[in-house]
Amino acid sequence: MTYCVGFCLDEGLVFASDSRTNAGVDYVTTYSKMHMFAPAPDRLFVILSAGNLATTQEVINHIQRDIDYPPNTPNLTNVKYLFEAAEYVGRISQQVQQAHSQAFAKSGVSGATTLLLGGQILGQPHGLIMIYPQGNYISSSPQTPYLQIGESKYGKPALDRISHPGLSLSEGARLGLVSLDATTRSNITVGAPFEVAIYPKDTMQLSCRCSFDESDPYLIKIRESWNTGINNVFNNLPDFENDKQYQMPLAPLSVTPEQAQSQAQQMMKPQRQIT
């Protein structure tokens with residue numbers, strides 16, 4: 001399983017991903033889920049992936065081939081809008097999945113992959129898009145400035161409470177690490193090393209691409225500070241008061257005490273064993 005999150009903020013983009021890949025609890029490996037493409041000086045793209053690893057690698061290979069040897073069809077070297085890049089990546093993903101669909105069906109294995117595409121083309125605003133396995137996509141919005149793929153539920157509460165477009169890039173990176181760490185706490189299939197990339201808008205280059213393993217001092221500090229803060233907030237919540245104004249009337253017993261005693265005695269009788 002995988003967990004990736006991206007933020008589209010006023011200052012730019014932040015990407016965060018884990019790197020754990022597993023085929024059961026006894027086979028765990030590490031692969032980067034973050035892929036960066038700068039096919040020309042006027043554009044930069046980052047792709048995060050969750051789903052079938054073989055499908056993802058084949059999609060990434062096709063994208064890189066089209067950058068090295070550009071065809072006369074839309075690709076990352078010539079699209080003019082970010083949504084056109086999403087349409088192109090979605091088509092590649094669909095082609096790869098369809099090429100192996102019969103083998104996937106026979107083996108009962110899902111070949112689906114979900115992708116986050118973020119970046120900017122000169123003259124256009126930066127953006128963040130989620131590409132579904134079916135090839136269609138959605139974009140982030142000012143109301144929801146983040147998108148998640150993979151094992152998303154455990155890391156979502158912090159995002160819902162804290163994220164907004166006005167966050168700084170540094171704050172977005174911290175929030176991404178908090179969300180990743182919260183996920184690993186509840187799901188062992190997601191784990192470090194964590195990768196974080198930061199893109200300041202209009203620069204056409206990443207200002208940071210960092211990796212944090214489980215023993216990294218900064219990651220440990222983030223984890224301990226977050227846990228301590230949550231516990232401090234909880235301990236300062238108003239005491240629960242068993243006040244009468246909140247009491248609900250108790251429902252009457254559906255059986256009499258005599259009936260309950262008879263049922264208990266019946267249950268205690270030795271049962272005939274079947275051998």
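Out of E214, E224, E195, report the one residue that is assigned to a helix (DSSP H, G or I) and either under 30 Å from L117 (Cβ atoms) or modelled with pLDDT of 95 or more (or both).
Numbers: E214 fails: assigned to a helix (DSSP H, G or I); E195 fails: assigned to a helix (DSSP H, G or I).
Among E214, E224, E195, only E224 is assigned to a helix (DSSP H, G or I) and either under 30 Å from L117 (Cβ atoms) or modelled with pLDDT of 95 or more (or both).
Has segment 218-234 got any residue that is basic (K, R) and under 19 Å from the mean Cα position of the chain (by Cα)? Walk me through it before giving the result.
Taking segment 218-234 and keeping what is basic (K, R), we get 221, 223.
So of that shortlist, the ones also under 19 Å from the mean Cα position of the chain (by Cα) come out as 223.
Yes; the residues of segment 218-234 include at least one that is basic (K, R) and under 19 Å from the mean Cα position of the chain (by Cα).
Check every one of the strands (runs of 3 or more DSSP E) wholly within segment 92-173 and list those with 1 or more residues that are modelled with pLDDT under 95 and of a type in the set (D, E).
On the way: elements: 113-121, 127-131, 137-139, 146-150.
Here the list is empty.
Scan segment 54-69 and tell me whether some residue there is within 30 Å of D213 (Cβ to Cβ) and free of Cβ contacts under 8 Å to residues at least 12 places away in the same chain.
Yes, that holds for at least one residue.
Could you list all residues from segment 66-91 that are surrounded by 13 or more Cβ atoms within 10 Å (Cβ to Cβ) and assigned to a helix (DSSP H, G or I)?
Across segment 66-91, the qualifying residues are D66, I67, L82, F83, E84, A85, A86, E87, Y88, V89, G90, R91.
If we scan segment 95-109, do we find a residue that is buried (at least 18 other Cβ atoms within 10 Å of the Cβ), touching a residue at least 40 places away in the same chain (Cβ under 8 Å) and of a type outside the set (G, A, S)?
Within segment 95-109 (the criterion being buried (at least 18 other Cβ atoms within 10 Å of the Cβ), touching a residue at least 40 places away in the same chain (Cβ under 8 Å) and of a type outside the set (G, A, S)), the answer is yes, since at least one residue qualifies.
The values are calculated or read from the model by the stated rules, or taken from the named source; none is laboratory data. As the structure is a computational prediction, the values presented were derived from the model and not from experiment. Here the Cβ is made from the backbone with ideal geometry for all residues, glycine too, and neighbour counts use every protein chain on show.
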